[in-house]
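Each remark here refers to the structure printed beneath this line.
Taken together, the values in this text are just the output of simple stated rules run on the coordinates, not laboratory data. All of these numbers come straight from a predicted model, not from anything done at the bench. Please note: Cβ atoms are built from the backbone with ideal geometry, for glycine as well, and neighbour counts cover all protein chains shown.
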Ligand SMILES: CC(=O)N[C@H]1[C@@H](OP(=O)(O)OP(=O)(O)OC[C@H]2O[C@@H](n3ccc(=O)[nH]c3=O)[C@H](O)[C@@H]2O)O[C@H](CO)[C@@H](O)[C@@H]1O[C@H](C)C(=O)N[C@@H](C)C(=O)N[C@H](CCC(=O)O)C(=O)O
Ligand SMILES: Nc1ncnc2c1ncn2[C@@H]1O[C@H](COP(=O)(O)OP(=O)(O)OP(=O)(O)O)[C@@H](O)[C@H]1O
Ligand SMILES: N[C@H](CCC[C@H](N)C(=O)O)C(=O)O
Ligand SMILES: [Mg+2]
């Protein structure tokens, strides 16, 4: 594609562009290199490297010196980068839903994909867990990938015949304009609580970044589905209404989809829902209150994208759990279950432990830690939640990355001084299993579906589910 076509800016020296990238290390001859100032590095420092690798054009901030190849300086290089990606890969599923919030995005997009599929649509979802499509599964690097990877994914899905797509919109992705050129049919909001304060400047900044999805990226005539049991959700609903949007309110107090009653069974929950005034009773084959909230958000999103209410509610009775979200990894010979979950925030841990309680007659034992190079302020707060809501807490490592693992554990232990400290995650899981008595329950939180422990810059293969299964076997529980 010609540079002028790609940028929609007339060019004196129009050149053919073979690819776009924001990473100088990916540049091939004929590439357009977008030199973006970042959080760790500055892409503008890599312009020479990109030119040496054969870059045919540079897009960046304004005011850089003239170059040997066409240089386009703009106020918002990340925006034009996303727009160029959409021009290079123009296809996308006709119906595209974006889901945001601190917790529940991955679960909700997967549930929505399952409801659409139940209703006979060619459906896919993508985010933290990778891409799940009728053609199969493929991994992805980020919850919301960089604009080029994102539009390539959307275009591939459209080529494969996917008509309904659901994607996660992370706050980093929204802040960095990764999805600014996506055509959104409907958006959803789950909740907002503290996370990523290493990146965002407090709750209000975090909220405004998430709100961009609704106030800037979702068209004013597109429907939005909002969990109104959340204070920020209520604020957002008012803002969207003022924009003239069709707002579907869901949750325990949702005017459109109201959760009236939840009756927990051993591994399922019977829901009584009131949908636009009509009562439905359905058995959700999943445990945990937070799964109910995600299921009703997905129900709302299915309804606003054309699935009949009766069909969408029926689909809830067939939902399969999402990998690493209250996933049952096994049980001891006395029947005490082990759940693996991705709770990695104060609110996530709170919801998780409250979700497990109605299904547990004995003690709840929790094994958890906090990630390195991530919001340090959440560590003691997560510790305090574990101290309050679990009976036994074991603090262990969860992706220390470039930080000292013992210091991270120490910060967590400030919130739960009575907890046991076992740095080695496999040993911590084994210790948790050894403590289990009949009627108890072990919860392993923080890594969910993850397949590695990140120490320094190295990813050591590690799966909570696999480690728990191996420990159960070694302990003679299978
Ligand atoms: C904080 C953050 O989101 N950073 C992402 C962002 O980095 P950045 O733009 O700040 O990049 P940088 O490292 O400062 O470099 C600036 C620019 O120089 C370029 N560069 C750098 C080095 C070089 O040799 N040549 C070169 O061209 C980089 O490609 C980049 O364009 O853009 C990079 C390229 O796309 C991402 O790899 C990087 O993800 C880092 C690794 C990351 O861990 N991100 C996480 C926190 C993230 O985004 N997570 C969210 C979800 C979190 C959740 O699920 O809760 C996500 O959507 O995945
Ligand atoms: N609606 C919810 N409210 C509160 N906590 C939730 C909710 N849904 C999920 N959680 C908790 O958060 C964890 C992560 O859930 P999920 O992966 O669906 O969220 P996410 O928003 O995609 O997270 P990430 O930002 O890491 O991509 C779950 O394992 C669970 O412990
Ligand atoms: N995807 C999120 C959650 C990771 C959860 C936990 N395992 C950690 O490493 O902090 C992040 O990168 O912040
Ligand atoms: Mg996710």
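General remarks:
- In nm, spacing of pseudo-spin labels at residue 44 and residue 12 (7 Å Cα→C-beta vector): 2.2 nm
- Here the calculated FRET efficiency for residue 279 and residue 135, from their Cβ-Cβ distance with R0 = 60 Å, stands at 0.95, rounded to the nearest 0.05.
- Eigen-decomposition of the gyration tensor built on the alpha-carbon atoms of region 1-95 gives equivalent ellipsoid semi-axes of 20, 16, 13 angstrom, largest listed first.
- Cα long-axis angle, helix 231-242 against the chain (0 to 90 degrees, to the nearest 10): 40 degrees
- Going from the residue with the fewest nearby Cβ atoms within 10 Å to the one with the most, 252, 116 rank 252, 116.
- Summed over all non-identical Cα pairs, the Kirkwood treatment of region 191-337 gives a radius of 16.8 Å.
- Normalised by 2.2 N^0.38 Å, with N the number of residues, the alpha-carbon radius of gyration of region 18-153 equals 1.25.
- Cα long-axis angle, helix 105-118 against the chain (0 to 90 degrees, to the nearest 10): 90 degrees
- When 355, 18, 193 are arranged by Cβ crowding within 10 Å, least crowded first, meaning fewest neighbours, the order is 18, 193, 355.
- Ellipsoid fit via the Cα gyration tensor, region 76-155: semi-axes of 23, 15, 11 Å, each the root of five times an eigenvalue, largest first.
- Computed from Cα atoms, the angle from the helix 147-159 axis to the main principal axis of the chain rounds to 80 degrees.
- Spatial offset of region 163-199 relative to region 64-131 amounts to 9 Å, using the alpha carbon center of each.
- With a simple spin-label model that places each label point 7 Å from the Cα along the Cα-to-Cβ direction, the separation between residue 421 and residue 333 comes to 3.5 nm.
- Kirkwood analysis of region 270-359, using all unique Cα-Cα pairs, places the hydrodynamic radius at 14.4 Å.
- Translational D in µm²/s for region 183-242 (Stokes-Einstein at 20 °C, 1.002 mPa s, Kirkwood Rh from C-alpha pairs): 180 µm²/s
- Stretched out straight at 0.36 nm per residue, the stretch from residue 373 to residue 457 would grow longer than its current Cα-Cα span by 29.1 nm.
- Calculated on the Cα set of region 413-478, radius of gyration then Dmax: 13.1, 40 Å.
- Highest-first packing order for the peptide set 442-449, 230-237 is 442-449, 230-237, based on the mean count of other beta carbon atoms within 10 Å.
- Taking the Cα atoms of region 324-375, the ratio Rg/Rh between the radius of gyration and the Kirkwood radius comes to 1.00.
- Taking the convex hull of Cα positions in region 1-40, its mean projected area over all directions (nm²): 3.3 nm²
- Legend: translational diffusion of region 148-197 by Stokes-Einstein, Rh = Kirkwood radius over C-alpha pairs, 10 °C, 1.306 mPa s; D = 126 µm²/s.
- Rounded FRET efficiency, nearest 0.05, which uses the C-beta distance separating residue 438 from residue 474 and R0 of 22 Å: 0.65
- Long-range tail of P(r) for region 112-237 (Cα pairs > 23 Å, %): 33 percent
- For the chain: span of alpha carbons on each principal axis (Å, largest first): 76, 54, 40
- Three-way shape call for region 366-478 based on the alpha-carbon gyration tensor, with the a/c threshold at 1.5: oblate
- Gyration tensor (alpha-carbon) shape descriptor, region 203-286, a/c threshold 1.5: prolate
- Ratio of Rg to Rh over region 277-434 (Cα coordinates, Kirkwood Rh, two decimals): 1.05
- Extended-chain gain in nm, criterion 0.36 nm per residue less alpha-carbon gap, residue 221 and residue 234: 2.7 nm
- Taking the helices alone, the chain has a mean residue ellipticity at 222 nm of -9500 deg cm²/dmol, built from -39,500 (n - 2.57) per DSSP H run of at least 4 residues and averaged over all its residues.
- Over all distinct Cα-Cα pairs of region 353-422, the Kirkwood formula returns a hydrodynamic radius of 12.1 Å.
- Region 108-148: C-alpha pair distances exceeding 16 Å, %: 36 percent
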